[in-house]
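All of the numbers you see were taken from the coordinates with simple rules; none came from a lab. Note that the coordinates shown come from a computational prediction; the quantities given were computed from them, not determined experimentally. Glycine gets a Cβ as well: all are built from the backbone with ideal geometry, and neighbour counts include every protein chain shown.
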Amino acid sequence: MSFQPEAVRAFEHAGWQRAASSYGNSFAHATAPFVAPLLEAAGISSGQQVLDVACGPGHLAAAAAGRGATANGLDFSAEMVGIARSIHPDIFVTEGDAEDLPYPDGTFHAVVSSFGIHHVPRPELALAECNRVLKPGARMAFTVWAAPGENVAWSLVFNAIARHGNRSAAQTPPPGALNGIDPCVRALEAAHFVDGAAEIVRAEWFLPNARALIAALSAGTVRMAALIGAQEPSVLAAIVSDIDSHAEHFRRDQNLAIPIAAVLARGRKA
């Protein structure tokens with residue numbers, strides 16, 4: 001299948017419009033542990049003008065504001081923008097395109113993106129736009145999910161579907177490859193950032209069981225939700241049972257403490 005940016009954008013936009021209302025009570029719990037490391041990587045401090053690209057409901061922008069920054073958020077989903085504005089009225093939230101940021105050159109002291117850049121059809125264009133709107137010497141930092149080999153929550157689901165369902169069932173545009181250290185560093189360099197670096201950051205996602213994991217992914221994601229939703233209803237019980245059996249050794253009291261991993265990448269405008 002040839003790469004079609006507009007097909008990727010339409011798929012992602014429709015998915016995030018759908019997931020917006022349930023994201024905060026589902027998948028946001030998985031992304032929360034990575035907020036503080038992301039703000040540290042970007043050097044967020046008091047008095048800065050900060051932009052959160054693909055801000056979703058505004059949790060990262062709000063955390064930046066909590067450090068004394070003036071926080072701005074941008075998202076292409078009107079549903080997400082509405083939620084961010086209602087939850088965080090002190091954040092300046094704009095509906096717009098990460099590949100064509102509606103801000104003048106050199107506006108921000110820092111740009112951040114929490115698990116958003118890999119949903120953009122052309123991440124290199126979005127990163128170039130982030131570079132453009134930064135002040136000279138300012139920093140950009142972003143997180144993306146690490147590959148399933150590093151990311152137990154994802155591998156549990158993918159492996160269970162491979163054993164009992166159909167990994168190819170979801171008719172979705174092909175995903176990007178921005179899920180490793182080297183691709184992230186190369187993307188930063190292509191967008192003319194200097195001092196590009198990336199690392200794997202690990203955390204745990206606390207869930208009672210496999211059914212809760214499937215429910216959270218179905219409610220608060222796009223690609224994983226499409227894959228889960230495309231499975232035959234008759235195999236879902238086997239998929240859930242498979243995940244439970246393989247995840248049980250992560251149990252800690254009442255919850256599974258499922259290991260999750262992100263790539264945290266950073267660069268500086270020359």
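Note on ILE200 and ALA219: the model spin-label points, each 7 Å out from Cα along the C-beta direction, lie 3.0 nm apart. Using the alpha-carbon centroid of each, what span in Å lies between region 151-175 and region 64-104? What the calculation gives is 32 Å, centre to centre.
When trypsin sites (Lys or Arg not before Pro) are flagged only if DSSP places them in a loop and at most 16 other Cβ atoms lie within 10 Å, the longest unflagged stretch of the chain comes out as 168-270.
Just from its helices, what would the mean residue ellipticity at 222 nm be for the chain, if runs of 4 or more DSSP H residues each count -39500 (n - 2.57) and the sum is divided by every residue, rounded to the nearest 500 deg cm²/dmol? Provide the component values of the computation, followed by the final result.
On the way: 11 runs with 116 residues, N = 270.
It lands at -13000 deg cm²/dmol.
Rounded to the nearest 0.05, what FRET efficiency is calculated for HIS192 and ARG251 with R0 set to 41 Å and r the Cβ-Cβ distance? E(calc), rounded to 0.05, equals 0.30.
Take every Cα pair under 8 Å whose residues are at least 6 apart in sequence, average their separation, divide by the length of region 5-269, and the relative contact order is 23 percent.
Spin-label pair HIS29-ALA147: with each label point 7 Å from Cα along the Cα-Cβ axis, the two points sit 3.0 nm from one another. Model label sites at ARG67 and ASP105, defined 7 Å from Cα along the beta-carbon direction, differ in position by 2.7 nm.
Placing +1 at every Lys and Arg Cβ and -1 at every Asp and Glu Cβ, with all other atoms neutral, what dipole size does the chain have around its Cα centre, in debye to the nearest 20? Please list the in-between numbers first.
Working: 19 positive and 25 negative charges, 49 e Å.
Value, rounded to 20: 240 debye.
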